[in-house]
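The values are calculated or read from the model by the stated rules, or taken from the named source; none is laboratory data. The structure displayed is predicted, hence computed values, not measured ones. Cβ placement follows ideal geometry from the backbone for every residue including glycine, while neighbour counts extend to all protein chains displayed.
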Amino acid sequence: MSAPRGLPHALPAGEALLWQGAPRFGRLLVSAFRIRLWLVYVGLLVAWGGISSAIADHSTAAGLAAAAWCVALGAVPLLLLVAFAGLTARSTVYTITSRRVVIAHGAAIRKHLNLPFTAIDAAGLRRFADGTGDIPLTPRPDARLSYLLLWPHVRAGRGARAMPMLRAVPEAEAVAACLADALTAHGVAPRPLATPIAPQAARPAIQPAGAHGEASPA
């Protein structure tokens, strides 16, 4: 029997698929690949090249030619970045079951991160204005995860610990609530978020069950 999409093998008896999705390309490009910073960087290079050439040669034409050359050079890495972000969005599958979170990623070499609920200390939500969001997962201290192997589905936590992250998730608030409910049902879970999170606000931690049932800022 072939493995379901996004999973390394078929689900065992008693384990249910709760949600499955993929990053939204546009948001992934902005939040994970920092396309805006690259655009600013290329823009500064174009301005510097054009202005410096115009001053050195005392010619507007020379400045425009240098600026055009910088645009051509800058477009190459930008196009590669966009292509890589698109490939990442298409090849990534996030899965939440009744027992674990699975991150399937990698186009050339397929990799699966299986993170059982018993290995999760906390989860959070950073919601963006378009309804997408990032859902970081704090693993238990004994978990040994590689930042490089997980990138871009990861963020740096305290003490340089790698924290797996579901990035650019559509309808992120509903997905975070689904995960919180599943964790709570499993007995190790954070509680569901009590209030909406402001767009691009700092991630609040979801507190373990029994901690007064409210989410508090990290």
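Can you confirm whether Gly6 is in contact with a helix residue (DSSP H, G or I) (Cβ under 9 Å, 6 or more places away or on another chain) and within 24 Å of Met165 (Cα to Cα)?
Taking the combined requirement at face value, the residue does not satisfy it.
Quick grid of which residues meet (1) assigned by TED's automatic domain parsing to the domain that holds Leu81; (2) at pLDDT 90 or above; (3) touching a strand residue (DSSP E or B) at 6+ places or on another chain (Cβ under 6 Å); (4) assigned to a strand (DSSP E or B):
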{"site": "Asp121", "(1), (2), (3), (4)": "no, no, yes, yes"}
{"site": "Pro136", "(1), (2), (3), (4)": "no, yes, yes, yes"}
{"site": "Ala176", "(1), (2), (3), (4)": "no, yes, yes, no"}
{"site": "Leu193", "(1), (2), (3), (4)": "no, no, no, no"}
{"site": "Glu214", "(1), (2), (3), (4)": "no, no, no, no"}
